[in-house]
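Undergrad: Let me give you the structure first, and then I'll get to my questions.
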Amino acid sequence: MIKENQKALNILLVLIDVLVISVSLVCSIWLRFKTTLFGPLGGHLGFQSYLLFLTFAVIPVYLILYFAFGLYKPRRTYKNIFSEATQIIKVNIIAFFALVSILFIINQPDFSRIMLFLLAIIGTFFGIIERFIIRGILKNLRVNNKNLKHILIVGDNELAFSFARKIRENPYLGFVVSGFLGRSEHVGLEMEGSRIIGSFNDLDHVLENNRYDRVVLAIPLKYYYKINELVESCEKVGIKAEIIPDYIRYFPAQPSVDMIEDIPIINIRYVPLDDDFNKFLKYLSDYIIAIIAIIITSPIMIITAIAIKLTSPGPIIFKQERMGYNGKTFMMYKFRSMKVQDPNEEKSEWTTKDDPRKTRVGDFIRKTSIDELPQFFNVLKGDMSVVGPRPERPFFVEQFKETIPKYMVKHQVKPGLTGWAQIHGCRGDTSIKKRIEYDIEYVENWHMGLDLAIMIKTALKKNPNAY
């Protein structure tokens, strides 16, 4: 029944996507040829030509890309809309270049490329709104016990109960635990709202007399010799077995699997920015944002430079070695906010709230984060990103990597002007361990929507630890 429902949902999604793509094209045609926002009205090929292009090029290209990027796969386990939104952005970027290429191949120089660019923007906007609405409707149905998937958990340990607890605490996922199988002495006990209905050896009997959508194996390592037998029992009745490994604590947020011949290797540190497309998308956004930011803030930077020069002897820009991407060092730029010190006497310590080294201008520009503005030039050089873990001095890195687990993971992406840790108040003289937890969460869960959210929160939120 669930499979039939999923097929029906996918068909409905395809039809809605076709409608959204068509409306997006009509809107882009109207903006291009019925307004002067994007150039003079002029003549165009006529609506019939664009209708043919929609039918034989636009819709097929978009649907192929939607399938290729997994936008018709079940989305129960997605925490938020951002992951789906990132895929929709990718689809529209690739679709734009694909459609322009098609026009080049069929030799259609009169077909508006601006209209296709508008289609990509409008299609992204409408596509994200569409998926947001559908996601909300499905969540509402599942919270009200509709469109549920029934799960049998094989296991009676903390791993199994923890999984059941997550299911119970998140009803919007649309899962319900129908029971556990465990050790014979535990049969009949109730855990996390469900009973242990049998022992491991009862799996064949339980599956023959009940209907489940998923069987999840969550057994301790010492019982792993039973896995083959348990999987075969599931396959007899056509149910796919799923395994929660007992060594899950070593896994990242999104584990990936590589294959060496026929041997699977689990990558315990998946980094979304290892993907070339993601890397290009972030580089492009960094470059554009840095240029815009430099233009907009140039009056502030000029005034700040003059104020520093007039009130304190020494250079305007403070350069300091920091550790960045893949452990490579670079010179990070800041407006100088402290009195000039002899390099041999410079303290290897955090700046504190009442640090006597700060100048009067320096105190203000640190509180307002104006001192960080020159780092947009670091972004243009490719040393930094707009968003990412904050870089540290090599002196501190050598200390922290020996005392803080996973500290060096943050260097698997470029450092940033602001980050996930900073919007949670981890800035300045705050807990390094907590900061690293946020940094690793960012590294393992990156998507463009997360970067956008961090930038917005950075702009709106005052940080009490900025000093």
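The values are calculated or read from the model by the stated rules, or taken from the named source; none is laboratory data. Here the structure is a predicted model, which means the values were calculated and not measured. Here Cβ is always computed from backbone atoms with ideal geometry, including for glycine, and neighbour counts include all displayed protein chains.
Undergrad: Just wondering, is there one or more residues in segment 365-379 that are surrounded by 15 or more Cβ atoms within 10 Å (Cβ to Cβ), among the aliphatic types (A, V, I, L, M) and at pLDDT 95 or above?
TA: Among the residues of segment 365-379, at least one is surrounded by 15 or more Cβ atoms within 10 Å (Cβ to Cβ), among the aliphatic types (A, V, I, L, M) and at pLDDT 95 or above, which makes the answer yes.
Undergrad: Follow-up question, since we're still on this one. Does Leu281 fit the bill of being surrounded by fewer than 10 Cβ atoms within 10 Å (Cβ to Cβ), in the same structural domain as Glu441 (by TED's automatic domain parsing) and of a type outside the set (Ser, Thr, Tyr)?
TA: No: the conditions fail for Leu281.
Undergrad: Additional query: Return only the number of the condition from (1) touching a strand residue (DSSP E or B) at 6+ places or on another chain (Cβ under 7 Å); (2) within 30 Å of Asp156 (Cα to Cα) that Ile289 does not satisfy.
TA: The number of the failed condition is (2).
Undergrad: Taking the criterion of being of a type in the set (D, E, K, R), surrounded by fewer than 18 Cβ atoms within 10 Å (Cβ to Cβ) and either outside the structural domain of Pro389 (by TED's automatic domain parsing) or more than 26 Å from Lys406 (Cβ to Cβ) (or both), would at least one residue in segment 223-231 satisfy it?
TA: Just the residues of segment 223-231 that are of a type in the set (D, E, K, R), to begin with: 226, 229.
Narrowing further to those that are surrounded by fewer than 18 Cβ atoms within 10 Å (Cβ to Cβ): 226, 229.
Subset that is either outside the structural domain of Pro389 (by TED's automatic domain parsing) or more than 26 Å from Lys406 (Cβ to Cβ) (or both): 226, 229.
Yes: segment 223-231 contains one or more residues that are of a type in the set (D, E, K, R), surrounded by fewer than 18 Cβ atoms within 10 Å (Cβ to Cβ) and either outside the structural domain of Pro389 (by TED's automatic domain parsing) or more than 26 Å from Lys406 (Cβ to Cβ) (or both).
Undergrad: When the residues of segment 192-222 are filtered to those that are surrounded by fewer than 18 Cβ atoms within 10 Å (Cβ to Cβ) and aliphatic (A, V, I, L, M), which remaining residue is nearest to Ser178 (Cα to Cα)?
TA: Looking at residues that are surrounded by fewer than 18 Cβ atoms within 10 Å (Cβ to Cβ) and aliphatic (A, V, I, L, M), I get Ile197.
Undergrad: Yes or no: segment 302-314 includes at least one residue that is farther than 30 Å from Lys339 by Cα and free of Cβ contacts under 8 Å to residues at least 24 places away in the same chain. Break it down into steps so the answer makes sense when it comes.
TA: Let us first name the residues in segment 302-314 that are farther than 30 Å from Lys339 by Cα, namely none.
No, the conditions are met nowhere in segment 302-314.
Undergrad: Can you pull out the residues in segment 220-244 that are assigned to a helix (DSSP H, G or I), under 24 Å from Glu208 (Cβ atoms) and not polar (S, T, N, Q)?
TA: Of the residues in segment 220-244, the ones assigned to a helix (DSSP H, G or I) are 221-236.
Subsequent filtering for residues that are under 24 Å from Glu208 (Cβ atoms) retains 223, 225-236.
Correct list: Tyr223, Tyr225, Lys226, Ile227, Glu229, Leu230, Val231, Glu232, Cys234, Glu235, Lys236.
Undergrad: So, restricting to helices (runs of 4 or more DSSP H) that lie completely within segment 16-126, which ones have at least 3 residues that are at pLDDT 90 or above, of a type outside the set (Asp, Glu) and surrounded by 14 or more Cβ atoms within 10 Å (Cβ to Cβ)? Talk me through it step by step, then tell me what you get.
TA: Numbers: elements: 47-53, 59-68, 82-105.
It comes to 59-68, 82-105.
Undergrad: So, in segment 160-172, exactly how many residues are within 26 Å of the chain's Cα centre (by Cα) and either in a strand (DSSP E or B) or closer than 28 Å to Glu232 by Cβ (or both)?
TA: Selection size over segment 160-172: 5.
Undergrad: Just checking, how many residues over segment 258-301 are more than 25 Å from Gly382 (Cβ to Cβ) and at pLDDT 90 or above?
TA: Going residue by residue through segment 258-301, those that are more than 25 Å from Gly382 (Cβ to Cβ) are 258-268, 299.
If we keep only those that are at pLDDT 90 or above too, we end up with 299.
Final tally of qualifying residues: 1.
Undergrad: How many residues are more than 15 Å from Lys414 (Cα to Cα) and either of a type in the set (Asp, Glu) or assigned to a loop (DSSP other than H, G, I, E, B) (or both) when one looks only at segment 245-298? Full working, then the answer.
TA: Step one: filter segment 245-298 for residues more than 15 Å from Lys414 (Cα to Cα), giving 245-270, 277, 288-289, 291-298.
With either of a type in the set (Asp, Glu) or assigned to a loop (DSSP other than H, G, I, E, B) (or both) added as a condition, the list becomes 245-247, 251-255, 258, 261-262, 268-270.
So the answer is 14.
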